[in-house]
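First comes the structure, then the notes that go with it.
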Amino acid sequence: MSADAPRAASLVDLYAIAYQIEADAVERYTMLADQMEMHNNPALVDVFRDLARAEGIHRDQICRMAGDFDVAAHAHKVARWRIGESPESADLGAAQYLMTPHDALQMALAAEQRALEFFRELLGNAVDADVRHLAAELVEEETGHVALCHRLLLRYPPPAGGRPAGDPDPPASQA
Amino acid sequence: MSATLAPACRPADYRSAVKPIWCPGCGDYHVLMAFTRAFAELGVRPEQVAVVSGIGCSSRIPAYMNCYGFHGVHGRSLAVAAGLKIVRPDLTVVVASGDGDGYSIGGNHFLHACRRNVDLTYVVMDNHIYGMTKGQPSPTTEPDFDTALAPGGTGVRPFHPLVIALASGANFVARAFSGNPAETAGILVEAVRHPGFSFVEVLSPCVTYRPDQRAWKDRVHRAPVDATDDAARAARRVMTDDGFNLGVLYRGNRPPYAPPAGKAITDLAELEREFEL
Ligand SMILES: Cc1ncc(C[n+]2csc(CCOP(=O)(O)OP(=O)(O)O)c2C)c(N)n1
Ligand code: SF4
Ligand SMILES: [Mg+2]
């Protein structure tokens with residue numbers, strides 16, 4: 001867990017943190033889907049939209065679990081990373097216009113693993129019984145997501161013959 | 001611009017519906033995120049913000065934002081922004097530029113904007129290249145960066161924007177890295193709040209013409225010392241650092257530019273008479 005990661009002092013804090021993690025993941029996958037749309041990589045648009053939808057379901061589920069409590073507003077106050085990013089945020093800097101569904105799923109797997117690690121550590125440090133209970137549920141959920149990524153990676157293997165060594169459509173550089 | 005928004009704006013409220021056309025992996029996506037987060041944190045509503053830019057990939061930012069925007073002439077964004085801030089001091093004015101836009105064609109404006117110290121924030125997305133026009137060297141390109149346009153490199157020593165800003169009178173100087181949008185947003189918040197001309201250099205990789213810059217994420221580090229209010233000391237520090245020190249480096253205390261007191265001429269005919277020879 002990064003030094004600036006928020007701490008869950010209560011159950012509502014944990015709801016807010018979990019909500020923000022999923023909301024950030026939705027934002028990143030949506031941005032990546034939009035990028036791939038603009039760069040005419042339709043296979044990747046589908047993968048990133050599906051990932052955004054899946055994270056959105058999880059985000060909404062957390063809201064429902066929190067009942068009447070305004071998780072989004074509380075997240076604005078307590079679920080802040082001031083230096084790093086929340087753990088499930090895909091790395092936009094690693095995107096490439098020729099990336100394959102396999103690359104995208106590797107990116108998603110890394111994000112799910114960071115989230116799993118985050119909740120595991122949170123569970124390990126939690127003292128409040130309710131926080132522990134929810135953290136354990138979140139660990140279970142993220143474990144499922146990691147397993148799902150592994151299964152999807154089998155369905156979307158790397159391109160036969162590996163990635164082309166060079167860019168087959170190199171930037172029309174004047175350089 | 002949206003007519004009705006919730007009282008407290010969220011970062012997404014500052015995004016327009018236009019989808020960016022930057023290359024996937026470009027650092028400018030993160031800078032856009034940092035802008036929206038900073039405005040949400042500052043609590044300024046979209047109609048209280050103006051983002052002014054010049055020309056370049058980096059200068060496309062106003063199109064992607066829901067606030068007042070001006071996509072201006074190459075290198076002239078600071079002149080437009082200074083005029084806007086002087087006549088509309090109520091607006092939060094942020095200028096977005098690139099190393100070509102801001103240091104080549106706009107280099108002279110940069111010097112005088114620092115000197116004038118109008119209360120605005122200048123963000124230069126530095127990728128040490130002209131991205132939009134396909135990879136020509138800029139004033140911050142390394143001398144040995146080899147391209148067909150500059151075989152063997154330009155051989156010319158790069159410009160040192162932070163030192164120039166300090167020597168010219170900028171009142172706040174910071175360096176950020178696009179790959180850390182949360183930290184960049186925090187620096188932007190401070191830059192906007194600091195009175196006078198705030199200069200923020202954001203190292204923002206061009207993954208297409210400078211794929212080597214993908215490695216910047218492993219090179220950046222926090223500045224080992226706190227910001228100073230001594231411009232000479234700050235200049236010495238940035239001249240001897242490795243170019244990857246991040247954080248607020250200088251907070252000055254010069255009063256921002258204030259237009260001379262007296263009656264402002266708002267009538268065009270009267271203004272024309274003033275200039276009659
Ligand atoms: C008056 C004028 N001269 C030249 C150009 C061509 N031009 C467009 S963008 C650009 C350089 C932009 O470089 P930079 O500011 O570093 O932006 P980047 O694309 O790297 O973000 C140039 C020279 C122009 N548009 N207008
Ligand atoms: S050419 Fe470079 S600066 Fe321009 S959008 Fe692509 S990666 Fe970004
Ligand atoms: Mg540039």
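The values are calculated or read from the model by the stated rules, or taken from the named source; none is laboratory data. This one's a predicted model, so the numbers in the text were calculated from it and none came from an experiment. Please note: Cβ atoms are built from the backbone with ideal geometry, for glycine as well, and neighbour counts cover all protein chains shown.
Inspection of region B:157-168 finds a residue satisfying the criterion of being in contact (Cβ under 8 Å) with a residue 60 or more places away in the chain, over 19 Å from residue B:77 (Cβ atoms) and not aliphatic (A, V, I, L, M).
Among the residues making up region B:133-169, those that are assigned to a loop (DSSP other than H, G, I, E, B), within 17 Å of the chain's Cα centre (by Cα) and farther than 15 Å from residue B:213 by Cβ are B:139, B:159, B:160, B:169. Within region B:82-104, identify whether any single residue is within 16 Å of ligand 2 (Cβ to nearest atom), over 21 Å from residue B:185 (Cα atoms) and among the aromatic types (Phe, Trp, Tyr), and answer yes or no. Yes, there is a match, as at least one residue in region B:82-104 is within 16 Å of ligand 2 (Cβ to nearest atom), over 21 Å from residue B:185 (Cα atoms) and among the aromatic types (Phe, Trp, Tyr). Kindly indicate whether residue B:180 is in contact (Cβ under 8 Å) with a residue 60 or more places away in the chain, within 13 Å of residue B:227 (Cβ to Cβ) and of a type outside the set (A, V, I, L, M). Criteria not met by residue B:180.
The set of residues in region B:23-50 being outside any helix (DSSP H, G or I), in contact with a Lys or Arg (Cβ under 9 Å, 6 or more places away or on another chain) and more than 11 Å from ligand 2 (Cβ to nearest atom) consists of B:50 alone. Here residue B:181 meets the list (1) more than 20 Å from the chain's Cα centre (by Cα); (2) closer than 20 Å to residue B:58 by Cβ; (3) within 12 Å of chain A (Cβ to nearest Cβ) almost entirely, failing just condition (1).
Pairs meeting the criteria (first residue in region B:27-51 and within 10 Å of residue B:92 (Cα to Cα), second residue in a helix (DSSP H, G or I) and within 16 Å of ligand 1 (Cβ to nearest atom), beta carbons under 7 Å, at least 6 apart or on different chains) are B:51/B:61; B:51/B:62. For region B:209-245, a residue qualifies if it is part of a strand (DSSP E or B) and either within 16 Å of ligand 3 (Cβ to nearest atom) or without any contact (Cβ under 8 Å) to a residue 60 or more places away in the chain (or both), and the qualifying residues are B:221, B:222, B:228.
Here residue B:206 meets the list (1) assigned to a loop (DSSP other than H, G, I, E, B); (2) within 14 Å of chain A (Cβ to nearest Cβ); (3) more than 16 Å from ligand 3 (Cβ to nearest atom) almost entirely, failing just condition (3). For residue A:164, the conditions (1) at pLDDT below 90; (2) at the interface with chain B (Cβ under 10 Å from one of its Cβ atoms); (3) assigned to a loop (DSSP other than H, G, I, E, B) all hold with the exception of (2). A single entry from B:91, B:42 fulfils the requirement of being away from chain A (no Cβ under 14 Å), away from ligand 1 (no atom under 16 Å from the Cβ), surrounded by fewer than 24 Cβ atoms within 10 Å (Cβ to Cβ) and not polar (S, T, N, Q): B:91. The set of residues from region B:170-203 being among the acidic types (Asp, Glu) and assigned to a helix (DSSP H, G or I) comprises B:183, B:190. Number of residues in region B:211-228 that are within 16 Å of ligand 2 (Cβ to nearest atom) and more than 10 Å from chain A (Cβ to nearest Cβ) equals 2. When we screen B:79, B:96 for residues that are in contact with a strand residue (DSSP E or B) (Cβ under 6 Å, 6 or more places away or on another chain) and within 14 Å of ligand 1 (Cβ to nearest atom), the only hit is B:96. I'd like the residue in region B:51-65 that is crowded, with 22+ Cβ neighbours inside 10 Å and either within 14 Å of another protein chain (Cβ to nearest Cβ) or over 30 Å from residue B:134 (Cβ atoms) (or both) and, out of all such residues, is farthest from ligand 2 (Cβ to nearest atom). Restricting to residues being crowded, with 22+ Cβ neighbours inside 10 Å and either within 14 Å of another protein chain (Cβ to nearest Cβ) or over 30 Å from residue B:134 (Cβ atoms) (or both), the top hit is B:64. Within the set B:124, B:118, the sole residue that is buried (at least 19 other Cβ atoms within 10 Å of the Cβ) and out of contact with any Asp or Glu (no Cβ under 8 Å at 6 or more places or on another chain) turns out to be B:118.
Applying the selection to region B:122-132, what residues are part of a strand (DSSP E or B) and either among the aromatic types (Phe, Trp, Tyr) or within 14 Å of ligand 2 (Cβ to nearest atom) (or both)?
Hits for region B:122-132 are B:122, B:124, B:125, B:126, B:130.
State yes or no: is residue B:250 in a loop (DSSP other than H, G, I, E, B) and either touching a residue at least 40 places away in the same chain (Cβ under 8 Å) or under 20 Å from residue B:172 (Cβ atoms) (or both)? Criteria not met by residue B:250.
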